[in-house]
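Values quoted throughout were computed directly from the atomic coordinates according to the rules given, and no laboratory measurement underlies them. This structure is a prediction, so every number in the text was calculated from the model and none was measured. Cβ: placed from backbone, ideal geometry, glycine included. Neighbour counts: every protein chain shown.
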Amino acid sequence: NAGVMQNPRHLVRRRGQEARLRCSPMKGHSHVYWYRQLPEEGLKFMVYLQKENIIDESGMPKERFSAEFPKEGPSILRIQQVVRGDSAAYFCASSPFLGDTEAFFGQGTRLTVV
Amino acid sequence: DAKTTQPNSMESNEEEPVHLPCNHSTISGTDYIHWYRQLPSQGPEYVIHGLTSNVNNRMASLAIAEDRKSSTLILHRATLRDAAVYYCILRKNTNAGKSTFGDGTTLTVKP
């Protein structure tokens, strides 16, 4: 059973470009969470999705950031018009259901904006 | 969200036990105590979690104070591969993945 798969592992974008980060949850998991980790800081929750629904986006910046988890395919975190401050590691986690269970994290995508 | 407080860093010798403390004085009755660790350049890895009773698994033990205002993660025999940042997190069982990660404790294991 493959773990949470994120790609790409490393992504370099110029200021103003778009960044698309992909996350395939573990098999059988329908809950996906995105986190951002700035250099030398802890992880900050961004958004929680179930298939085709955004459940909690309280941690998402109001502009330029969006997330989706379509019926088929991976979850996508999209950052439009990237700025240097978007440079960070972005982690995705998945869980099989709500309740007393752990979330499994991917290896992350390290975004560098030049 | 209830907050947790952990020491910034701790050191241990290889093969010795390690006790990583966490204070969570504002914990509510529905908060589970979760521990994750993050190795360099990796995503967080689940270690253990509990509600009221002490818990053991193949990785570690979790000792929870009777008033639940603090807990301790116990690594019984530290190895070099245990060097990581350890996060103590409070989470409600209604939201498995939404967690507030603090700064964690950076554990250094000396050979």
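Hey, got the dipole for the protein assembly as shown? About the Cα centre, +1 on K and R Cβ, -1 on D and E Cβ, debye to the nearest 20?
My answer is approximately 840 debye.
Please get the size of the charge dipole for chain B, origin at its Cα centre, with Cβ charges of +1 on Lys and Arg and -1 on Asp and Glu, quoted in debye to the nearest 20.
The dipole of chain B has a size of about 300 debye.
Can you tally the net charge around residue B:15? Count Lys and Arg as +1, Asp and Glu as -1, for every other residue whose Cβ sits under 12 Å from the Cβ of residue B:15.
Combined, the nearby Lys, Arg, Asp and Glu give -1.
What number do you get for chain A when its Cα radius of gyration is normalised by 2.2 N^0.38 Å, N = residues?
1.00
Hey, what does the equivalent ellipsoid look like for the stretch A:42-82, semi-axes from the Cα gyration tensor as sqrt of 5 times each eigenvalue, largest first, whole Å?
17, 13, 9
Can you give me the P(r) profile for the protein assembly as shown? Cα pairs, bins 10 angstrom wide beginning at 0, each as a whole percent.
In order of increasing distance, the bins hold 8, 33, 34, 20, 5, 0 percent.
Determine the dipole magnitude for chain A: charges of +1 sit on the beta-carbon of Lys and Arg, -1 on that of Asp and Glu, nothing else is charged, the reference point is the Cα centre, and the result goes in debye to the nearest 20.
580 debye
Please name whichever of A:38, B:63, B:109 sits farthest to the positive end of the charge dipole of the protein assembly as shown, dipole taken about the Cα centre and charges placed at Cβ: Lys and Arg +1, Asp and Glu -1.
So the residue furthest toward the plus end is A:38.
On full extension of the chain, what length is gained from residue A:27 through residue A:56, given 0.36 nm per residue of separation minus the C-alpha to C-alpha distance?
Fully extending the segment from residue A:27 to residue A:56 adds 8.2 nm.
Return a single number: how many Lys pairs in the protein assembly as shown, at a sequence separation of 8 or more or on separate chains, have alpha-carbon atoms below 22 angstrom apart.
18
Express the relative contact order of chain B as a whole percentage, based on alpha carbon pairs under 8 Å and six or more residues apart in sequence.
Value for chain B: 37 percent.
Just to be sure I follow: if Rg is taken over the C-alpha atoms of the stretch A:50-114 and Rh is the Kirkwood radius over the same atoms, what is Rg/Rh?
0.98
If you take all C-alpha pairs in chain B, what percent of them are over 17 Å apart?
Every Cα pair in chain B considered, those over 17 Å come to 50 percent.
Once you have the Cα-Cα distance between residue B:14 and residue B:59, take 0.36 nm times their residue separation minus that, and quote the gain in nm to one decimal.
Gain on extension, residue B:14 to residue B:59, equals 14.7 nm.
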